[in-house]
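*Asks:* The structure is given below, and queries will be raised subsequently.
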Amino acid sequence: MNILVVGRGGREHSIVMKLAEDNMVTRIYVAPGNGGIAEQATCVPIDEMDVEGLVNFAKRNAIDLTIVGPEDPLNAGIANRFQEEGLKIFAPTREAALLEGSKSFAKAFMKKYEIPTADANTFTNAEEAKQYIDSKGAPIVVKADGLVAGKGVIVAETKDQAYQAVDEMLVAKHFAEAGTTIVIEEFLAGNEFTLMAFVHEKNVFPMIPARDHKRVFDNDEGPNTGGMGAYAPVADVSNEHLIFAKEEILQKAVEGLMKEGQPFMGILYAGLIMTEEGPKVIEFNTRFGDPETQVVLPLLKNDLAQVLVDVMDGHNPQLKWEEGCSVGVVVASEGYPDAYRKGVRIPEISSVDDAFTIHGGTKSEGGSLVSNGGRVLLVGAKDDSLEKAADTVYEALALIDDMKGFFYRRDIGRN
Ligand code: AMP
Ligand code: GLY
């Protein structure tokens with residue numbers, strides 16, 4: 001098989017590393033890829049939003065299957081276009097991807113299909129939004145409706161913080177179009193976890209649960225990011241709750257989409273929180289999580305390409321998982337998730353046995369690797385316990401003598 005992977009981050013690098021182990025995979029192309037991916041696959045300089053360019057590339061290069069990493073091309077209708085051209089793509093249509101692309105759509109959908117989630121209301125008017133906040137009190141959560149790379153969520157501890165978030169989104173248009181509608185929702189307390197599943201129409205095949213660390217600093221402090229590290233599986237979520245999440249959340253969602261005439265194909269990601277009433281949805285994503293993928297795929301025993309082919313053909317891929325745990329810690333550019341510098345030389349990661357390095361925002365420039373994004377690297381490891389895997393990762397990170405311009409959290413997998 002010739003495979004095209006669309007995207008440029010750590011998630012895509014992890015998908016490529018996994019595909020590279022498959023016997024049935026002949027060539028892997030990545031558009032546009034990054035500095036690390038270029039060492040393992042053929043990177044082609046086509047932007048992930050250049051849907052026509054990707055369609056043409058897939059046709060010219062006899063691509064058998066396309067896998068899409070990021071959300072933006074999904075919302076731009078990449079799957080619709082590939083399907084129109086008779087090209088195989090493992091990704092949801094624009095309409096099905098709205099489950100991630102519009103939080104107000106997702107909220108209304110969850111209400112309609114009785115999927116457990118926080119109570120919420122949608123606003124376009126700042127005064128009305130503030131009155132609602134006033135009536136509900138704090139803590140309360142303010143979310144931009146559209147796609148803003150995981151950064152459009154403000155968990156407000158006080159009413160004033162919530163008012164400020166409303167003003168930033170609806171008045172100052174901080175998130176432009178993506179923030180002209182906002183969702184204000186009830187604050188839920190509990191441990192979060194991610195459950196991703198391979199989905200085709202009504203068939204749902206969950207992966208092992210993972211936990212992302214979204215806040216920028218240790219002890220979950222500071223603003224939300226795209227994710228600063230992750231581990232899998234998650235021992236504090238019981239089997240019973242996983243079954244509940246599969247049946248009452250993922251299954252209901254895909255059946256709801258079928259009823260709406262929008263069957264889902266691709267990865268459905270449920271961001272969940274363990275409340276006293278059981279798991280509830282914080283968000284749906286319609287793609288592999290980043291950095292969850294980087295810790296989940298290394299534990300998958302099956303060939304990834306075979307899994308995707310099976311799922312697309314309506315078969316059960318019979319997923320098998322390693323017994324152990326895996327941990328991944330993101331090395332980010334100083335300043336992330338706000339402004340940061342690009343073009344800073346990437347530190348050498350010496351090889352520590354059993355640790356692996358995945359590239360996110362890196363590119364090759366004049367023969368060396370430099371930063372090209374906020375989340376630059378992920379150092380990961382697998383072992384038979386979370387502690388041992390985290391020890392290996394932090395041992396590898398400690399060997400870096402020059403971290404200037406970069407930082408990482410010290411508490412991933414150590415809770
Ligand atoms: P999201 O991008 O919707 O996943 O939100 C980012 C993060 O904000 C989540 O991982 C949670 O930590 C937090 N968050 C979002 N919604 C809520 C909520 N209703 N209650 C508590 N925390 C939330
Ligand atoms: N790790 C969160 C996300 O992929 O959106």
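The values are calculated or read from the model by the stated rules, or taken from the named source; none is laboratory data. Just so you know, these numbers come straight off a predicted model, no measurement behind them. Cβ: placed from backbone, ideal geometry, glycine included. Neighbour counts: every protein chain shown. Quick note on the areas: whole protein, heavy atoms, side chains included, nothing else; ligands and nucleic acids left out. Shrake-Rupley method; radii C 1.70, N 1.55, O 1.52, S 1.80 Å.
*Asks:* Checking D353 against (1) touching a strand residue (DSSP E or B) at 6+ places or on another chain (Cβ under 6 Å); (2) not in a strand (DSSP E or B), which test does it fail?
*Replies:* Only one criterion in (1) touching a strand residue (DSSP E or B) at 6+ places or on another chain (Cβ under 6 Å); (2) not in a strand (DSSP E or B) is unmet by D353, namely (1).
*Asks:* Counting just the residues of segment 403-415 that are touching a helix residue (DSSP H, G or I) at 6+ places or on another chain (Cβ under 8 Å) and of a type in the set (K, R), which one comes out most open to solvent (accessible area, probe 1.4 Å)? Spell out the reasoning first.
*Replies:* Pass one, segment 403-415, residues touching a helix residue (DSSP H, G or I) at 6+ places or on another chain (Cβ under 8 Å): 408-414.
When the remaining residues are screened for being of a type in the set (K, R), the result is 409-410, 414.
Details: R409: 3, R410: 139, R414: 112 Å².
Among those that are touching a helix residue (DSSP H, G or I) at 6+ places or on another chain (Cβ under 8 Å) and of a type in the set (K, R), it is R410.
*Asks:* Taking the stated definitions as given, is K173 open to solvent by 60 Å² or more (accessible area, probe 1.4 Å), without any contact (Cβ under 8 Å) to a residue 40 or more places away in the chain and assigned to a loop (DSSP other than H, G, I, E, B)?
*Replies:* yes
*Asks:* Another one. What are the residues in segment 292-343 that are closer than 21 Å to V16 by Cβ, of a type in the set (S, T, N, Q) and in contact with a helix residue (DSSP H, G or I) (Cβ under 8 Å, 6 or more places away or on another chain), if any?
*Replies:* Within segment 292-343, T293, Q294, S326 qualify.
*Asks:* Of the residues F187, F205, F193, only one is touching a Leu at 6+ places or on another chain (Cβ under 7 Å) and away from ligand 2 (no atom under 16 Å from the Cβ); which?
*Replies:* Details: F187 fails: touching a Leu at 6+ places or on another chain (Cβ under 7 Å); F193 fails: away from ligand 2 (no atom under 16 Å from the Cβ).
None of the others qualify; the one that does is F205.
*Asks:* Another question, if that's okay. Condition test on T158, is it surrounded by fewer than 18 Cβ atoms within 10 Å (Cβ to Cβ) and away from ligand 1 (no atom under 13 Å from the Cβ)? Reasoning before the result, please.
*Replies:* Details: surrounded by fewer than 18 Cβ atoms within 10 Å (Cβ to Cβ): yes; away from ligand 1 (no atom under 13 Å from the Cβ): yes.
Yes.
*Asks:* Scan the helices (runs of 4 or more DSSP H) fully inside segment 31-110 and keep the ones with 2 or more residues being open to solvent by 30 Å² or more (accessible area, probe 1.4 Å) and more than 28 Å from A270 (Cα to Cα).
*Replies:* Working: elements: 51-60, 71-75, 78-84, 98-101.
Correct list: 51-60.
*Asks:* Search segment 258-316 for residues being within 16 Å of ligand 1 (Cβ to nearest atom) and acidic (D, E), and hand back the single one that is farthest from I89 (Cα to Cα).
*Replies:* The residue in question is E276.
*Asks:* Here's something else I'd like to know. Which members of segment 186-227 meet the condition of being in contact with a Gly (Cβ under 9 Å, 6 or more places away or on another chain) and β-branched (V, I, T)? Break it down into steps so the answer makes sense when it comes.
*Replies:* So the first thing to find is which residues in segment 186-227 are in contact with a Gly (Cβ under 9 Å, 6 or more places away or on another chain), and the list is 192-196, 198-201, 203, 210-216, 224-227.
Once the filter is applied, which keeps residues that are in contact with a Gly (Cβ under 9 Å, 6 or more places away or on another chain) and β-branched (V, I, T), segment 186-227 yields T194, V199, V216, T225.
*Asks:* From the set of residues in segment 215-236 that are more than 20 Å from the chain's Cα centre (by Cα) and not charged (D, E, K, R), which is nearest to ligand 1 (Cβ to nearest atom)?
*Replies:* Per the stated criteria, the residue is N219.
*Asks:* Tell me which residues, restricted to segment 189-210, are part of a strand (DSSP E or B) and open to solvent by less than 20 Å² (accessible area, probe 1.4 Å). Step through it out loud before you land on a result.
*Replies:* Taking segment 189-210 as the starting set, the residues that turn out to be part of a strand (DSSP E or B) are 191-200, 203-206, 210.
F193, T194, L195, M196, A197, F198, V199, V204, A210 - these are the residues of segment 189-210 that are part of a strand (DSSP E or B) and open to solvent by less than 20 Å² (accessible area, probe 1.4 Å).
*Asks:* For the subset of segment 356-402 comprising residues that are free of Cβ contacts under 8 Å to residues at least 60 places away in the same chain and assigned to a loop (DSSP other than H, G, I, E, B), which member is least open to solvent (accessible area, probe 1.4 Å)?
*Replies:* This residue is I400.
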